[in-house]
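The structure appears right after this line, and notes come after that.
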């Protein structure tokens, strides 16, 4: 016997609210796409009419043509994969290391008091200044790029997660202690669930910061990657290569962001 499907009857006010909410989403998406298309159209028009010099500013058509030319040379995918691989490894390692460091500092208040000033100082240090030392430590190429990516993301991850851990409601902690909960139970039952929304925010921040670290690392020492293409294009005065690489970089960064962003709705406070 087939079960009858349940029908939910919303009130008229509720139905109007849902319709208005759907229209608002469609309107926002429309204007997001429209602004992007208009921007590209104006850019192409200015380049074609000579308002801006295509040599310095390139144009959408020249960017597409450059990407196709690089693809035909069979080396574009190597550059894309190199940057994507370095970014993903740096992103994952920096997030894990920063998360574990935050747990250790939360667990021991003495360690937190000792190392917190050093975290602030290291966070303010320009990581590019460590570039030559990184090359001496781990060599040039992929290893140096991944280390640069980790250095840029790990301090931010540690500070953000530590703040999320210590900002948990103290009264709730006292309540669990009154129920004889140990520190591990307090962490996994209260502190960690409370910090998940902040962890998702850290992931979103690290998406952008990891790409910054990758491009900086490839600038320092690399023979492949989008950062290498940007540096190469600027050296030979072919800014179409620079703009094409930046465009591909934006696409890859946006792809990573859209993979992470759905978590925000799921774990939103």
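Details
- Applying the criterion of being closer than 15 Å to residue 102 by Cα and touching a helix residue (DSSP H, G or I) at 6+ places or on another chain (Cβ under 6 Å) to the residues of the range 175-199, the residue that is surrounded by the most Cβ atoms within 10 Å (Cβ to Cβ) is 195.
- Single condition residue 214 does not satisfy, out of (1) over 20 Å from residue 159 (Cβ atoms); (2) within 20 Å of the chain's Cα centre (by Cα); (3) without any contact (Cβ under 8 Å) to a residue 60 or more places away in the chain: (3)
- Those residues of the range 164-174 which are touching a helix residue (DSSP H, G or I) at 6+ places or on another chain (Cβ under 9 Å) and either more than 22 Å from residue 92 (Cβ to Cβ) or buried (at least 23 other Cβ atoms within 10 Å of the Cβ) (or both), in sequence order: 166, 167, 168, 169, 172, 173
- Every pair of residues 6+ apart whose Cβ atoms lie under 6 Å, when the first sits in the range 91-108 and is surrounded by fewer than 17 Cβ atoms within 10 Å (Cβ to Cβ) while the second is not in a loop (DSSP other than H, G, I, E, B): 97/154
- Cβ-Cβ under 7 Å pairs, at least 6 apart or on other chains, the range 218-229 side closer than 14 Å to residue 243 by Cα, far side crowded, with 19+ Cβ neighbours inside 10 Å and modelled with pLDDT under 80: 228/222
- Hits in the range 133-154 (condition: over 19 Å from residue 203 (Cα atoms) and either surrounded by 14 or more Cβ atoms within 10 Å (Cβ to Cβ) or touching a residue at least 40 places away in the same chain (Cβ under 8 Å) (or both)): 134, 135, 138, 140, 141, 142, 143, 144, 145
- All positions within the range 239-261 that are touching a helix residue (DSSP H, G or I) at 6+ places or on another chain (Cβ under 8 Å) and closer than 18 Å to residue 66 by Cβ: 239, 240, 241, 242, 243, 244, 245, 246, 247, 248, 249, 252
- Residues that are touching a helix residue (DSSP H, G or I) at 6+ places or on another chain (Cβ under 9 Å) and under 16 Å from residue 163 (Cα atoms), drawn from the range 115-137: 115, 116, 119, 120, 123
The values are calculated or read from the model by the stated rules, or taken from the named source; none is laboratory data. Bear in mind the structure is a predicted one, so any value in this text is a computation, not a measurement. We place every Cβ from the backbone using ideal geometry, glycine too, and count neighbours over all the protein chains shown.
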